[in-house]
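These notes are about the structure you will find just below.
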Amino acid sequence: MAQESSHTTTERAVWTDTEVDQFLLYLSNNRDKIGDAGNFKDATYNGAAEAIAEYLEHGPAKSGAMCKTKWASLKQTFNAIQKYRQQSGVHWDNIRGANVEGEASTSVWNEYVSKKGNSVMRPFRASGWRHYEQMDGIIP
């Protein structure tokens, strides 16, 4: 009799806005546990996974590892926005984002987002990021 192979398939996390909001609220309430590199210990991510479990709408239940990955993604976006904001002559607000209008501005924007590491800014050409203020309150 052949044995069935037991292998685990990892389902991809599906994050709703509510889950992200609750995740960031948990991290905000635990921001005293953030390390020098802007990351948390695994115990904090595990606690966050437990705290957001009741908000699950679809996809697999979030694990500490999924929370850690989500934090890395959110932090990457936040850092990209911060880098963009530090440039001279650019616009950023949380409603209109970079607010790129006109041919010249579009050309400069397209060149900026085509560079390695800047592509994460593409969604913010004309709209802000709803998590910016929460992230700003967490990251030292």
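Lysines near residue 116 by alpha-carbon distance under 20 Å, same-chain residues fewer than 8 away left out - which ones?
75, 83
With the other protein chains left in place, how much accessible area per residue, in square angstrom, belongs to region 78-123 at a 1.4 angstrom probe? Please list the in-between numbers first.
Working: 3040 Å² over 46 residues.
Here the residues of region 78-123 average 66 Å² of exposed surface.
Rounded to the nearest 500, what is the chain's calculated 222 nm mean residue ellipticity when only DSSP H runs of at least 4 contribute -39500 (n - 2.57) each, over all residues? Working shown, then result.
Details: 5 runs with 65 residues, N = 140.
Helix-only estimate at 222 nm: -14500 deg cm²/dmol.
Under the 0.36 nm per residue contour assumption, what length would be gained going from the current alpha-carbon distance of residue 101 and residue 28 to full extension?
Working: separation 73, 0.36 × 73 = 26.28 nm, distance 3.45 nm.
Gain on extension, residue 101 to residue 28, equals 22.8 nm.
Find the all-direction average of the projected area of the Cα convex hull for region 30-113, expressing the result in square nanometres with one decimal place.
Numbers: hull surface 31.9 nm².
Answer in nm², one decimal: 8.0.
List the lysines whose alpha-carbon lies under 20 Å from that of residue 68, not counting same-chain residues fewer than 8 positions away?
Result set, ordered by chain and number: 33, 41.
If R₀ is 41 angstrom, what is the calculated FRET efficiency for the pair residue 111 and residue 58, using the beta carbon separation as r and rounding to 0.05? Kindly include the intermediate steps, with their values, before the conclusion.
On the way: r = 38 Å, r/R0 = 0.94.
Using R0 = 41 Å, I get an efficiency of 0.60.
With Kirkwood's inverse mean 1/r over C-alpha pairs for Rh, give me the Rg to Rh ratio of the chain, two decimals please.
Details: Rg = 18.4 Å, Rh = 17.0 Å.
Expressed as Rg/Rh, it is 1.08.
Calculate what fraction, in whole %, of the accessible area of the chain sits on carbon and sulfur atoms when a 1.4 Å probe is rolled over the protein chains.
Working: 4220 of 9120 Å².
Heavy-atom surface of the chain belonging to carbon and sulfur, 1.4 Å probe: 46 percent.
The values are calculated or read from the model by the stated rules, or taken from the named source; none is laboratory data. Not measured: the values here are computed from a predicted model. Backbone-built Cβ (ideal geometry, glycine too); neighbour counts: all protein chains shown. Only protein heavy atoms, including side chains, enter the accessible area calculation; ligands, DNA and RNA are left aside. Shrake-Rupley method; radii C 1.70, N 1.55, O 1.52, S 1.80 Å.
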